[in-house]
1. What FRET efficiency comes out for residue 71 versus residue 11 if R0 is 22 angstrom and r is the Cβ-Cβ distance? Round to the nearest 0.05.
2. Note down the magnitude of the dipole of the chain about its Cα centre, charges +1 on Lys and Arg C-beta and -1 on Asp and Glu C-beta and zero elsewhere, to the nearest 20 debye.
3. Placing +1 at every Lys and Arg Cβ and -1 at every Asp and Glu Cβ, with all other atoms neutral, what dipole size does the stretch 74-121 have around its Cα centre, in debye to the nearest 20?
4. Taking the Cα centre of the chain as the origin and placing charges on Cβ (Lys, Arg +1; Asp, Glu -1), which of 98, 22, 68 is farthest toward the positive end of the dipole?
5. Which lysines, on any chain, are close to residue 45 with Cα under 24 Å apart, when same-chain ones fewer than 8 places away are left out?
6. Could you run the Karplus curve 6.51 cos²θ - 1.76 cosθ + 1.60 with θ = phi - 60° over the stretch 92-99 and give me ³J(HN,Hα) per residue in whole Hz, x for Gly and Pro?
7. What base-10 log of the normalised intensity I(q)/I(0) is obtained for the stretch 1-56 from the Debye formula, alpha carbons as equal point scatterers, at q = 0.17 Å⁻¹?
8. Compute the relative contact order of the chain as a whole-number percentage, counting only Cα pairs closer than 8 Å that sit 6 or more residues apart in sequence.
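Quick note: the coordinates plus some simple rules give every number you see, no bench work behind them. Only a predicted model underlies this, so the values are computations on that prediction, with no experimental measurement involved. Neighbour counts are summed over all protein chains in view; Cβ atoms, including those assigned to glycine, are modelled from backbone coordinates with ideal geometry.
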Amino acid sequence: MKFLHQFLLIMLFSFLGELLHSLIPLPIPASIYGMVLVFAALSLKIIKPQAVRDAGSFLVSILPVLFVAPIVSLMDCWDIIRPHLVPILVILIVSTFLCFAVCGWTAQFFIKKKQEGKNND
């Protein structure tokens, strides 16, 4: 029963993300809205981490399985993708390293802020 409650809670935030996506005319996926809502609810202590921990861990553990259908769809479109393979790979590689750099800089920024806060106390 605990898992059912946790999945329902995650699905509620997913539904709220879909609702926001339909109401706000921005090109942001509904899943991002849902994740931001869950993050806000956890940060503001509206829900406790234990309320979604087990179901969230399960979903993360089966995440590779959830990518099987999109990969099969890509393989069906191989004739369309093949002529554009080099630009796609360049974009993927550059965006991956750019994402690594931005995440690293952001993490360093917050680590420095946290250390400065401890030094001021």
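1. With a Förster radius of 22 Å, E is 0.35.
2. With Lys and Arg at +1 and Asp and Glu at -1, about 540 debye.
3. The calculation lands at about 300 debye.
4. Result: 98, furthest along the dipole toward the positive end.
5. 2, 113, 114, 118
6. Running phi through 6.51 cos²θ - 1.76 cosθ + 1.60 with θ = phi - 60° gives 4, 5, 5, 5, 5, 5, 5, 5 Hz.
7. -0.53
8. Once normalised by length, the contact order is 20 percent.
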